[in-house]
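J.: I am attaching a structure below and will ask some questions about it afterwards.
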Amino acid sequence: MKIQDIPTPFYIVYEDRLRRNLSLINRVEREAGVNIIMAFKANALWRTFPIISEYNRDFTASSLNELRLGTEELGGEAHVYCPVYTPATIDEFLDRATHITFNSLGQWEKYGSVALSRGVSPGLRVNPQCSVIETDLYNPALPGSRFGVTAEQLEGNFPEGLEGFHFHQLCESTSFDLEKVLTAFEEQFGKYLPRLKWVNFGGGHLMTREGYDVGHLISVLNEFRNRYPWLQVVMEPGSAFTWRTGDLVTSVLDVVENQGIKTAIIDASFACHMPDCLEMPYQPAITESVEAAPGLPSYRLGGNSCLSGDYVGDWTFPRPLKEGDRLTLEDMNHYTTVKTTMFNGIAHPDMVLARSNGEVEYLRRFDYNDYKNRMD
C-alpha cells in the first residue's frame, strides 16, 4: 500500500521521525542524568508504543484511563498527577502508580499517608508563580491558578513524609524559559529540597524542535543536579516525543466564495480533528502551500462540520484549488490525535503508520459503530 492510495482523511505517523525524536530524548537523559517520561495527554496512540518502548517505558498519567493504558502497554514507572482525587478513584490510582503528586495541601492531608502506606512515592505540586507562557489557555501560572501550592501556603506546613516536588510552568518552551523558572523555584522552595528524594520539572520542554538549544538544556540540568545530587530529576514533556512526527492528509471537496473570500471545504474538521487550531489559536503549515505573492490564489480552509467557526486561514497556493486536491496539514500527531471528537457525527480520520522500511499500514480505521458506541 502506498500513501497516495489511502483515502482521505487520515492521520499518518512516520516511524523514522518518531525514532529521531526518541533518540534525541535519550541523549538528553544520558548526558544530563535525568529521567524523561512520556505524557499521555499529548500522545495515546498505543499502537506506536512498541517503537517508543525501545527507548522509554516510563510515563505520566492524569486519569485512570491514561494510567491503565500506560501500565498495560508500556509497563515502566507510572507517575500520576491529577488536580483532584476522590474516595472513588484514589485506590485504583495507588494500585497502579509508582509516584503520585497531590495538587493541594488538602489533598495531601486526605491521601498522603495512604500513599506512603501503599508504597507509592508521594509528591506535592508547587507553583513558583513564574509565567513564561503567552497564551493564557495554557498558562498554569496565571493569578488565581488552581494548580499547585505557593511558597507562602507551604511556609510552616511542610508535610511529614513528602518525597517529591512537582512544578509545571512551561508550554512548548525553551531551555532558557526552564532556566528562568528554575531560578524562581529554587528561590522559593530551595530550602525544602534537602528533605526530598525527587523533583519533577513537568512538561513543556520542546527539546526536539528545530533550533532548540539542546546543549544549553543539558548544561542547565547538570548544574541543577550538581547543586542537588541526591535528587532524582524527572521531566515529562508531551509534545517533544511526537513533535513533527505526523500529518493530517485531507482532500478538497468544494470551493465556495462569499464577499470576495474563497474557502476550500475539506473532508476534515478543525473543530473535530484539529481543535488546537481554534483553541490556541494557530495556523498549521500546509505542505502544498507557498508564500503569498501577487497573482497567486489564497483560500481559507473550511471544515466539514456545521459549526460556523470551523475554518482557519488564509493559505496561498501556486494554482487554484479544485475538488480532489490533497492537502497535507503538518505536525498533527502530538495533542491533536488525543483531543479529537465526533461532534456532528463527522467521520473520524483513520490512523496510518509509515514504517522506516517504506511500508504503510493502518493502525486504526473508524466507522459508524465508533460514533454510536460513544453514546451507548
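Every read-out reported here was derived from the displayed coordinates using simple, explicitly stated rules and does not represent laboratory data. Computed from a prediction, not measured in an experiment: that's the story for all the values here. Counting neighbours? That spans all protein chains shown, and the Cβs are built from the backbone with ideal geometry, glycine included.
J.: Helix 175-189 versus the longest principal axis of the chain: what angle, 0 to 90°, nearest 10, using Cα atoms?
T.: Rounded to the nearest ten degrees, it is 30.
J.: Take the alpha carbon atoms of the stretch 33-242, find their radius of gyration, then divide it by 2.2 N^0.38 Å using N residues; give the quotient.
T.: 0.97
J.: Expressed as an acute angle from 0 to 90° and rounded to the nearest 10, what is the orientation of the C-alpha long axis of helix 105-117 relative to the principal long axis of the chain?
T.: 70 degrees
J.: The stretch 227-295 to the stretch 13-42: how many Å between their Cα centroids?
T.: Taking the Cα centre of the stretch 13-42 as reference, the centre of the stretch 227-295 is 22 Å away.
J.: Before anything else, pin down the relative contact order of the stretch 33-242: Cα pairs under 8 Å, at least 6 apart, normalised by residue count, whole percent.
T.: 20 percent
J.: Please compute the Kirkwood hydrodynamic radius over the chain, one decimal place, Å, based on all pairs of different Cα atoms.
T.: Details: mean 1/r = 0.0447 Å⁻¹.
It is 22.4 Å.
J.: Roughly what % antiparallel, to the nearest 5, for the DSSP beta bridges in the chain? Present the calculation step by step, with values, prior to reporting the outcome.
T.: Details: 25 of 58 bridges.
Bridges in the chain are about 45 percent antiparallel.
J.: Next question, about the same structure. Once you keep just the Cα pairs under 8 angstrom separated by 6 or more residues, what percentage relative contact order results for the chain?
T.: Working: 773 pairs, mean separation 74.4, N = 376.
Relative contact order comes out at 20 percent.
J.: Still on this structure, please answer the following. Sorted from fewest to most neighbouring beta carbons within 10 Å, what does the list Leu124, Leu182 look like?
T.: Details: Leu124 26, Leu182 22.
Least to most surrounded, the residues fall as Leu182, Leu124.
J.: Please give the helix 64-73 orientation as an angle from the longest Cα principal axis of the chain, in degrees from 0 to 90, rounded to the nearest 10.
T.: Compared with the principal axis, the helix lies near 80 degrees.
J.: While we're on this one: Name the residue farthest towards the positive end of the dipole of the stretch 33-242 from the options Leu142, Ala184, Val234, assuming +1 on Cβ of Lys and Arg, -1 on Cβ of Asp and Glu, about the Cα centre.
T.: Positive-most Cα among the choices belongs to Val234.
J.: Now for a separate question. Taking H as built 1.01 Å from N, whose amide H comes closer than 5 Å to the amide H of Asp325, not counting residues under 5 places away?
T.: Under 5 Å from the amide H of Asp325: Val252.
J.: Would you list, by chain and number, the lysines whose Cα falls below 21 Å from the Cα of Lys322, excluding same-chain residues fewer than 8 positions away?
T.: Correct list for Lys322: Lys262.
J.: Still on this structure, please answer the following. Rounded if a/c is under 1.5, else prolate if a/b is larger than b/c, else oblate: which is the stretch 200-327, with a ≥ b ≥ c the root eigenvalues of its Cα gyration tensor?
T.: prolate
J.: Give the cross-link partners of Lys180 among the lysines, using a straight C-alpha distance below 26 Å as the criterion and excluding same-chain residues fewer than 8 apart.
T.: Partners within reach: Lys41, Lys191, Lys197.
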